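Here's the structure we're looking at; comments come further down.
The values are calculated or read from the model by the stated rules, or taken from the named source; none is laboratory data. Keep in mind that what you see is a predicted model, and the values were worked out from it rather than measured. Please note: Cβ atoms are built from the backbone with ideal geometry, for glycine as well, and neighbour counts cover all protein chains shown.
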Amino acid sequence: MNILVFCRKNLILYRDIINLAAKTLVTKAIGASGTLLLGLVLARLYGAEGVGTFMLGLSLIIGVGVLLRFGINDGILKFGGVAFYNHDGSMIKAILATTFFNVFFIGFLACLVLLSFRVELSLLVMDGGELVDIFPPLLFCLPFYTYLFVLGSLYRAINESPIAPVFETGFSSLFSALNIFIYESVFPGSTLLEATWIFALSTFILFLLGVFTFLKKISILNSLVSCEGDALSSRFREFLRHLPDYFLISLANYCSQWGIVLLGGFFLTASSIGVFSTVNRVAFLINFILMIFNGVLGPRFAVLCSARKYGAASDLYVFSSLVMFFIALLPAAVLIIFGKDILVFFGEEFVEGYYILVALVISQLVNVGTGAVGSLLNMSGRQKVMRNLSLFTSFSSIAIAVVLFQLLGIWGLAFTTIYLLVVQNLAALFFANKVFGFCHKHQVSRNVSS
């Protein structure tokens, strides 16, 4: 079928998804600017070393958050999305109760343990420094920062994707950056510790806002049918059965985005970590279009696949991938052409990361071009395929990183990140094509059901 005809047909068929993605684009773009703004404020105030120290601490609490959520984010997208579509409010409430226990009760115990060993952890990662000082505020905001991810997934599951980015890391970063800037204007000469406390308190305030907003939305769940007894127990057991796979995928994704940075703390200076983290955040702007569609597409893939409409899910994946790739070309071109001018805003020491920025932008284009392939596999019941791919690329990247960090320094960090982005996504696309047969539609039903 001609590509233009295919796109025109799917544009009409999935107009609601395009409209929802367009609405989500506004809040997601604001969130993406917040991530960049926080990096800019920290860089201008505390230099590359301050950025590196903060990012190492943040990567640690995000990792603990992955453990606390235990894959519930993807579980909410799949099972919560289907439950909402089927008007089953009791299933969503059961999921939320489980998450609340994990994040706050177990999270409180985790914070006590980490606080007790903060000196040893700081010395282990980067010979102490300011990292040990910023542990208390980061641990204070750990449960609140973690639960924001859950709220974001919940809003996507109940078809409120435009609201979801408000309760994610981007808006938390934006709110924190603005508050740090105001604090510095009133009390010049602020320290990194003070900035981290402002980040923690800003996260706590955003969490309270998220809970208040959700309580106003709770009427949506109350209006749904409550399905108690054996039916609920059966679906909830299925939800719990899938969590280990989703957790391993989340853990592997953490390793690819944050874990490699944390590992870099053993081999690189805080300044090098700061330069790379800043450059990586700039390049990550290419990825925000994929994040928008992932949140919108996940529940739709789950509904289509649960109804065994695999051909429709395949068409939606191909169409959305084409849309995302062509949208991403413009910001990619801007970052490559004007990359040095953008990096100089963070400080002269960040300009040395320009060629790393170019390499990361190209790898992000591959990431966006492969589309929401991970979401498609997860929502169609093929999460074990994605789990195995994620684990292989993540653990192999650790071995690669240990070697490349010592040979190439900051470029070793860059090449490891590129390896994770390109290899994992191309491998996922290969297996998704075997399952869904993007080029051979008549094979779809047979492959998915096999």
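Scanning segment 144-197 for residues that are within 22 Å of Phe104 (Cα to Cα) and part of a loop (DSSP other than H, G, I, E, B) gives a single hit, Glu168. Going by the conditions given, is Val303 over 21 Å from Ala29 (Cβ atoms) and hydrophobic (A, V, I, L, M, F, W, C)? Answer is yes for this residue. When Leu404, Leu365 are checked against the criterion of being of a type outside the set (Phe, Trp, Tyr), over 15 Å from Ala252 (Cα atoms) and either in contact with a strand residue (DSSP E or B) (Cβ under 6 Å, 6 or more places away or on another chain) or touching a residue at least 40 places away in the same chain (Cβ under 8 Å) (or both), Leu365 stands alone in meeting it.
Residues that are farther than 26 Å from Phe392 by Cβ and of a type outside the set (Ser, Thr, Tyr) within segment 247-294 comprise Ala270, Gly274, Val275, Val279, Arg281, Val282, Leu285, Phe288, Ile289, Ile292, listed in sequence order.
Within segment 164-184, the only residue that satisfies the criterion of being within 24 Å of the chain's Cα centre (by Cα), farther than 12 Å from Thr35 by Cα and surrounded by fewer than 19 Cβ atoms within 10 Å (Cβ to Cβ) is Asn179. With respect to (1) touching a Leu at 6+ places or on another chain (Cβ under 9 Å); (2) over 21 Å from Leu290 (Cβ atoms); (3) modelled with pLDDT under 75, the lone exception for Gly52 is condition (3). Quick check on Asn102: is it within 19 Å of Cys141 (Cα to Cα) and at pLDDT below 80? Here the answer is yes, as Asn102 does meet what is asked.
Just wondering, is there one or more residues in segment 304-315 that are part of a helix (DSSP H, G or I), modelled with pLDDT under 85 and polar (S, T, N, Q)? Yes, segment 304-315 contains a residue that is part of a helix (DSSP H, G or I), modelled with pLDDT under 85 and polar (S, T, N, Q).
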